[in-house]
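One structure is given here, and the rest of the page talks about it.
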Amino acid sequence: MDAVPDPTSVAALIGEPARATILLALLGGESLPATDLAYRCRLTAQTVSTHLARLTDGGLLAVERYGRHKYYRLANPQVAHALEALNVLAPRQPVRSLRQSEEATALRFARTCYDHLAGALGVGMAQALDSRGYVAQADGHFRLSPEGAAWLERFGIATGTLASSRRAFAPQCLDWSERRPHISGALGAAMASRLFALGWIARTGSSRAVRLTPEGEAGLLAELDLRVPSR
């Protein structure tokens, strides 16, 4: 029989600034090699290597080998959920440059949170689905209605596949920038994947911010009566 969980070990891993920076760099759901993480986090290769080993041994990161290279990613959606929850609690840092201001604006508008959509766009979509009766919020989850299931099928998302997934269907994920929930889980991932496939959203370079395309702006207006200006 196992003892009760010990959060201090996880807190110690996340609480070290360099390791926290690495985890946040992977919060968008990407798999990245150590060299890319060193560049993005402004750390030396040796420092990154040491911290990656600690995070992997601690169960927060998973590693996959492709040829001679190792690629690191968050171990599971629970790690992403924990990081997003910490972002809700964390104090806001002052903006010190135009670049920081632009990046912060882009992240607040739309970003990937692991493999689902967050920010004003993600929260807006959740509210639009709720207002049309496609989902209902209860007990920390979004519950899909028959009308919502029919809409998803028309939209190109197979609900049967989602229902059979071992992953939680549609937990609410409290958005750190909007302070309201967006959709995570199997449904959130499927919706984000479909939006990317349609070309309605697109990634913006190495950032986890995403932009709404003109096609996406028109499509969301037609499908969900959601008016979100593109950024």
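The values are calculated or read from the model by the stated rules, or taken from the named source; none is laboratory data. Just so it is clear, the model here is predicted, and its values are computed rather than measured. Here the Cβ is made from the backbone with ideal geometry for all residues, glycine too, and neighbour counts use every protein chain on show. We work out accessible area using only protein heavy atoms, side chains counted, and drop any ligands, DNA or RNA first. Shrake-Rupley method; radii C 1.70, N 1.55, O 1.52, S 1.80 Å.
In order along the range 101-112, the Karplus-derived 3J(HN,Hα) couplings, from 6.51 cos²θ - 1.76 cosθ + 1.60 at θ = phi - 60°, round to 5, 5, 5, 5, 5, 5, 5, 5, 6, 7, 7, 8 Hz, and Gly and Pro are given as x.
Among the listed options (1) 140; (2) 127; (3) 159, the one matching volume of the Cα convex hull per residue in Å³ as calculated from these coordinates is (3).
Comparing T56, T47, T21 in a Gaussian network model of the chain where C-alpha atoms under 10 Å apart are linked, the largest mean-square fluctuation is found at T47.
Keeping the other protein chains in place, figure out the carbon and sulfur percent of the accessible area of the chain, with a 1.4 Å probe. Before the final figure, lay out each step's value.
On the way: 6830 of 12630 Å².
Carbon-and-sulfur percentage of accessible area, whole number: 54.
Of the trypsin sites (Lys or Arg not before Pro) found in the range 123-223, the ones in coil according to DSSP and having at most 10 other Cβ atoms within 10 Å of their Cβ are R166, R179.
Only four residue types carry charge here, +1 at the Cβ of Lys and Arg and -1 at the Cβ of Asp and Glu. Report the dipole size of the range 186-231 about the Cα centre in Debye, rounded to the nearest 20. Before the final figure, lay out each step's value.
On the way: 6 positive and 4 negative charges, 56 e Å.
So the magnitude is around 260 debye.
Scanning residues 5 or more positions from V210 or on other chains, those with amide H under 5 Å from its amide H are A110, R111, T112, with H placed 1.01 Å from N in the peptide plane. As a calculated quantity, the FRET efficiency between R68 and T204 at R0 = 35 Å, using C-beta atoms, amounts to about 0.75. Site pair S131 and R154 shows an inter-label distance of 1.8 nm when each label is modelled 7 Å from Cα along Cα→Cβ. If you take the Cα centroid of the range 99-172 and the Cα centroid of the range 47-92, the two points sit 23 Å apart. With the charge dipole of the chain set up from +1 on Lys and Arg Cβ and -1 on Asp and Glu Cβ about the Cα centre, the Cα lying farthest toward the positive end among the listed residues M191, Y66, S145 is that of Y66.
Averaging Cα coordinates gives a centre for the range 8-45 and one for the range 204-218; these two points are 24 Å apart.
As an exercise, identify the chymotrypsin sites (Phe, Trp or Tyr not before Pro) in the range 104-172 lying in DSSP coil whose Cβ has no more than 13 other Cβ atoms within 10 Å. Walk me through the numbers on the way to the answer.
Working: sites: F109, Y114, Y134, F142, W151, F155, F169; in loops: Y114, Y134, F169.
Within the range 104-172, no chymotrypsin sites (Phe, Trp or Tyr not before Pro) qualify (loop, at most 13 other Cβ atoms within 10 Å).
If the chain linking Q46 and E103 were pulled fully straight, counting 0.36 nm for each residue of separation and taking away their Cα-Cα distance, it would gain 17.7 nm. Phi angles across the range 19-26 convert, under the Karplus curve 6.51 cos²θ - 1.76 cosθ + 1.60 with θ = phi - 60°, into 3J(HN,Hα) values of 5, 4, 5, 5, 4, 5, 5, 9 Hz, Gly and Pro given as x.
Per residue of the chain, the DSSP helices (runs of n ≥ 4 H) give a summed -39500 (n - 2.57) that works out to -15000 deg cm²/dmol at 222 nm. Along the range 55-70 the Karplus relation, 6.51 cos²θ - 1.76 cosθ + 1.60 evaluated at θ = phi - 60°, assigns HN-Hα couplings of 5, 5, 5, x, x, 8, 10, 10, 10, 10, 9, 10, x, 8, 9, 9 Hz to successive residues, with x for each Gly and Pro.
When the Gaussian network model of the chain links Cα atoms closer than 10 Å, the mean-square fluctuations of D36, D175, D115 top out at D36.
Scanning residues 5 or more positions from F142 or on other chains, those with amide H under 5 Å from its amide H are A170, Q172, with H placed 1.01 Å from N in the peptide plane. Can you find, among A45, V88, H116, the residue farthest towards the positive end of the dipole of the range 1-122? Put +1 on the C-beta of Lys and Arg, -1 on that of Asp and Glu. Ranked along the dipole, the leading option is A45.
Taking the solvent-accessible surface of protein heavy atoms with a 1.4 Å probe, what is the per residue accessible area of the chain in Å²?
Values: 12630 Å² over 231 residues.
That works out to 55 Å² for each residue.
With charges only on Cβ, +1 for K and R and -1 for D and E, what is the dipole size of the chain about its Cα centre, in debye, rounded to 20? Please report the intermediate quantities before stating the final value.
Details: 26 positive and 21 negative charges, 132 e Å.
My answer is approximately 640 debye.
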